[in-house]
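Asks: Okay, here's the structure, questions in a sec.
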Amino acid sequence: MTGASAAARSRLFGGRVGIEGATLVLFAGAIASYFLFPNHLALLTQFLVLMMFALSYDLLQGHGGIVSLGHAAFFGLGAYAAAILARTGYNDPLLGLAFAAVLSAVVALVLTPIIVRGNDFTRLLVTLGVASLVYEAANRMRGLTGGADGLPDFEIAPVLGLYKFDFEGRIAFIYAFMVFAMVYVFLWRVVTSPFGLALRGIRENTRRMPAIGSPVRRHLAVAYTLSGGIAGMAGAVLAQTSRFASLDMLGFERSAEIMMVATLGGSGHMAGVSFAALAFGWLKDVLSTASPKYWQLGLGIVLMLSVFVARGGIGGLLDHLRFRRSA
Amino acid sequence: MAFIACALRAAFLAAAATASLATLPAPAVAADGKLTIGLVLPLSGAFANEGRQYENGIKVFQKIHGKTVAGLPVEIVTRDDQGPSSGDLARRLTQELIVRDKADVIIGYSFTPNAMAAATLLNEAKKPAIIVNAATSIITEKSPYFVRVSWTLAQAAATLGDWAAKNGIKTAYTMVSDYAPGLDAEKWFKQAFTAGGGKIVGTVRTPVTAMEYAPYLQRVVEVKPDALFAFNPGGDVSVAFMKATHERGVAAAGIKLLVTGDVVEENALVLIGDALDGVISVHHYQIGLQNPANEQFLKVHKELFGADDIPNARAVQAFDAMDVLYRAVAKTAANLDADALLNALKGMKLDSPRGPIEIDATTRDIVQNMYIRRGLKIDGRWQNVAVETYRAVADPGKTPPK
């Protein structure tokens with residue numbers, strides 16, 4: 001695609017969608033990293049999980065304008081769904097992935113009536129409340145979830161019956177990458193569709209959308225359900241590749257973290273959000289390796305600086321680069 | 001669906017094929033002429049203090065015994081697992097220490113979930129891991145590569161239950177943190193106490209990180225048992241618990257407080273203060289122990305960290321983890337193969353600052369003295385003073401062999 005038509009297309013979608021160049025770099029980088037860092041595959045796999053989770057949240061906040069402080073509820077639900085299913089003996093990874101996606105999507109759908117109601121502040125409270133309830137429920141159901149001890153005792157069958165998860169994490173990485181690619185392409189289709197456009201319309205002005213005949217609540221319900229399902233898939237991939245599910249996957253910290261990542265990435269910018277997840281995960285690892293004791297201090301400083309240095313988030317920087325080149 | 005499955009399969013085949021071409025087999029690890037130890041400890045967040053105790057124990061050991069063993073220089077790589085409920089992180093850090101840093105041995109795991117999450121990984125990597133704390137009985141059954149030098153809740157709670165039944169306590173109420181070690185503590189205290197003729201009159205489980213104990217304790221005061229048995233995970237949580245028992249007047253109501261030793265750790269006694277008065281605890285170490293190893297340990301600890309920095313059992317556990325490892329490496333003449341090291345570790349006996357210890361040859365778990373202590377103020381300082389010793393206590397919590 002030429003620069004001019006890309007720019008035209010991105011104008012059509014509010015300057016927020018067409019980032020072919022950055023997306024290509026992202027995928028090429030992900031594939032290259034497999035060969036460049038064979039000793040870091042476990043970490044890279046977790047980056048992919050974080051990216052998926054961030055993208056699922058970005059569909060809500062970035063595109064639909066729905067803020068949530070409890071998105072980890074779906075992430076954790078997916079993780080537990082995959083882990084519990086594997087414990088009962090159905091340990092095929094794709095089956096677990098599908099089960100986790102469907103379960104979290106259904107829960108998200110059930111919750112939509114209380115989420116799409118109200119404004120941002122009530123949503124923050126409601127999502128926070130729901131996430132706390134899910135957390136406490138998981139804590140109480142010790143027989144099912146292992147309570148505060150987590151669920152460590154399960155095996156995952158080889159992918160497609162052929163590729164066994166190995167200790168170096170090669171298959172885990174490839175598996176996570178495949179799921180990530182599917183999620184990315186799917187979300188790309190969603191946000192570039194008329195539905196995606198309607199979502200951004202809702203984000204920009206909720207009151208005027210009904211005036212042009214757009215069913216706001218239904219659109220938000222669909223977005224919330226999709227987002228919940230994808231968050232569940234991200235959780236399932238984490239549980240399957242690390243063979244562990246625990247309460248912190250449902251916890252507030254993870255919800256807050258993903259909100260930070262989406263904001264850092266530039267809301268509504270898929271490549272930007274993915275890069276932000278990558279940067280965040282990498283920074284956390286580098287800092288905690290450099291100083292196992294004081295790394296959180298460094299993380300806080302970098303996050304605060306990023307607000308001043310990169311105002312539109314990483315996505316804003318990417319757009320800046322692209323527009324300067326094409327101009 | 002069929003199309004997707006087909007496409008996935010093709011993509012996977014391609015990826016796996018390139019993978020097998022591009023990745024060379026990992027070189028043999030032990031051949032790099034040094035002993036690399038990977039540490040997985042909680043070093044940030046609410047349990048950072050515990051992590052520091054372990055690190056200090058290791059520093060004391062290396063100060064005394066040096067940084068080479070059997071001709072091998074010792075390299076230590078430290079990673080932060082951020083406390084409990086981060087099993088996936090503990091597992092990844094373990095994987096990275098083994099793959100990236102070529103660690104020959106892992107020392108660490110302060111918390112049960114973290115050790116449990118790493119178990120299957122160690123089985124695949126075939127690397128020994130010395131558990132520095134995590135005290136649930138079942139952990140060592142999850143991997144043949146685990147060796148534990150700390151203690152188990154069953155070991156402590158069963159000892160205390162037995163002592164309580166023999167010392168005029170007829171009824172007891174139990175209050176434990178709601179996770180695996182707490183359940184172990186509850187089970188084994190009850191078993192030993194009722195076997196000795198005692199009766200449990202009430203049971204409650206509190207959230208692992210609970211800081212507010214007044215409502216639970218109020219209930220205990222109303223029931224008025226002879227004794228309250230409690231376990232919680234140490235650190236700030238236990239300090240909050242101990243202070244609450246004092247404020248609620250548990251002792252004033254004539255209820256004897258029985259706790260596992262990690263609730264009244266040596267370094268927390270300053271904070272617990274008067275709440276320690278008369279409290280009976282059971283542990284495998286206190287600084288008042290008189291033996292040559294402990295004297296040397298305390299002396300070097302004081303030299304390195306000053307008189308105000310008080311070591312607790314965790315520092316001794318890390319000290320002993322290093323001790324058993326150095327001895328094992330010396331015994332195998334610098335052969336770092338996992339099986340050789342494990343064979344050297346099994347059945348090992350030595351004199352630790354906590355007294356004589358042994359690594360059981362079949363369970364790979366620790367056999368050690370358990371001390372019944374009473375909280376007393378000596379020269380203006382609160383201390384746990386041993387009143388009775390149970391010698392060579394093994395972990396009673398193991399699944400019996402079939």
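Asks: Please state the relative contact order of chain B as a whole percent: Cα pairs under 8 Å, 6+ residues apart?
Replies: Relative contact order comes out at 16 percent.
Asks: Write down the percent of antiparallel bridges among all DSSP beta bridges whose residues are both part of chain B, to the nearest 5.
Replies: Approximately 40 percent, going by the DSSP bridge assignments.
Asks: Springs between alpha-carbon pairs under 10 angstrom, Gaussian network model over chain B: which of B:252, B:103, B:318 fluctuates most?
Replies: Most flexible of the set in this elastic network: B:252.
Asks: Moving to a separate point now. Around residue A:92, which amide H atoms from residues at least 5 apart in sequence, or from another chain, sit under 5 Å from its own amide H, with H modelled in the peptide plane?
Replies: Counting only residues 5 or more places away or on other chains, the set is A:157.
Asks: Tell me, what is the FRET efficiency for residue B:75 and residue A:214 to the nearest 0.05, using R0 = 51 angstrom and their Cβ-Cβ distance as r?
Replies: 0.20
Asks: Under 22 Å from the Cα of residue B:377, which lysines turn up, not counting those fewer than eight places away in the same chain?
Replies: Within reach: B:243, B:256, B:302.
Asks: Related question: What's the Cα-based Rg to Rh of region A:3-326, Rh via Kirkwood?
Replies: Rounded to two decimals, Rg/Rh equals 0.96.
Asks: Using a Förster radius of 35 Å, what is the FRET efficiency between residue B:271 and residue B:167 based on their Cβ-Cβ separation? Nearest 0.05, please.
Replies: 0.80
Asks: Sorted from fewest to most neighbouring beta carbons within 10 Å, what does the list B:78, A:192 look like?
Replies: A:192, B:78
Asks: What length, rounded to one decimal in nm, is gained on full extension from residue A:144 through to residue A:32, with 0.36 nm per residue of separation minus their alpha-carbon distance?
Replies: That works out to 36.4 nm of additional length.
Asks: If each residue of separation counts as 0.36 nm, what is the full-extension length gain between residue A:87 and residue A:106 once their alpha-carbon separation is subtracted?
Replies: So the extension gain works out to 4.7 nm.
Asks: Stokes-Einstein D for region B:175-332 at 25 °C, 0.890 mPa s, Kirkwood Rh over Cα pairs, in µm²/s?
Replies: Here the translational diffusion coefficient equals 142 µm²/s.
Asks: Shifting gears a bit: Mind jotting down a quarter of the surface of the convex hull over the alpha carbons of the protein assembly as shown, in square nanometres, one decimal?
Replies: Result: 34.0 nm².
Asks: Going 7 Å from the Cα of residue B:224 toward and past its Cβ, which residues in region B:135-168 have a backbone nitrogen under 20 Å from where you end up?
Replies: Residues passing the 20 Å test: B:168.
Asks: Rounded to the nearest 20 debye, what is the charge dipole size of region A:3-326 about its Cα centre when +1 sits on each Lys and Arg Cβ and -1 on each Asp and Glu Cβ?
Replies: My answer is approximately 1140 debye.
Asks: Given the options B:32, B:379, B:274, which has the most mean-square fluctuation in a GNM of chain B, springs set between C-alpha atoms less than 10 angstrom apart?
Replies: Looking only at B:32, B:379, B:274, the biggest GNM fluctuation is shown by B:379.
Asks: Say we join alpha carbon atoms closer than 10 Å with springs in a Gaussian network model of chain B; which of B:184, B:226, B:365 then has the biggest fluctuation?
Replies: Fluctuation is largest for B:226.
Asks: May I pose another question? Let me know the mean shielding of B:117-127 by other chains, meaning the per-residue number of their Cβ atoms within 10 Å of its Cβ.
Replies: Across B:117-127, the average partner-chain Cβ count within 10 Å equals 3.
Asks: Using the Kirkwood formula on the Cα atoms of region A:221-327, what hydrodynamic radius do you get, in angstrom to one decimal?
Replies: Kirkwood hydrodynamic radius for region A:221-327: 15.5 Å.
Asks: Something else: Under 8 Å for C-alpha pairs, at least 6 residues apart: give me the relative contact order for chain A, rounded to a whole percent.
Replies: Contact order relative to length: 33 percent.
Asks: Sorted from fewest to most neighbouring beta carbons within 10 Å, what does the list B:173, B:109 look like?
Replies: B:173, B:109
Asks: Based on the Kirkwood radius over alpha-carbon pairs, what is the Stokes-Einstein translational diffusion coefficient of chain B at 20 °C with 1.002 mPa s viscosity, in µm²/s?
Replies: D, rounded to a whole number, is 97 µm²/s.
Asks: Once both labels are modelled 7 Å past Cα along the beta-carbon direction, what's the residue B:386-residue A:252 spacing in nm?
Replies: It is 4.4 nm.
Asks: Still on this structure, I have one more. Report, for the protein assembly as shown, the % of DSSP beta bridges that are antiparallel, rounded to 5.
Replies: Taking every DSSP beta bridge with both residues in the protein assembly as shown, the antiparallel ones total about 40 percent.
Asks: Separate question: So, with +1 on the Cβ of K and R and -1 on the Cβ of D and E, and no other charges, what is the size of the charge dipole of region B:241-287 about its Cα centre, to the nearest 20 debye?
Replies: 180
Asks: Still on this model: Between residue B:296 and residue A:282, what is the label-to-label distance in nm when each label sits 7 Å out along the Cα-to-Cβ direction?
Replies: Going from the residue B:296 label point to the residue A:282 one covers 4.8 nm.
Asks: Could you check the simple spin-label distance between residue A:160 and residue A:120, using points 7 Å along Cα→Cβ, in nm with one decimal?
Replies: 4.5
Asks: Looking at chain A, which longest stretch skips every one of the trypsin sites (Lys or Arg not before Pro) that is in a DSSP loop with at most 16 other Cβ atoms within 10 Å, leaving the sites themselves out?
Replies: Result, exposed sites excluded: A:1-116.
Asks: Using the number of other C-beta atoms within 10 angstrom as an exposure proxy, rank A:134, A:307 with the fewest first.
Replies: Ordered by Cβ neighbours within 10 Å, fewest first: A:307, A:134.
Asks: Between residue A:302 and residue A:192, what is 0.36 nm times their sequence separation minus the Cα-Cα distance? Round to one decimal in nm.
Replies: My answer for the length gained is 36.4 nm.
Quick note: the coordinates plus some simple rules give every number you see, no bench work behind them. None of these values were measured; they are calculated from a predicted model. Positions of Cβ are backbone-derived with ideal geometry, glycine not excepted, and every protein chain shown enters the neighbour counts.
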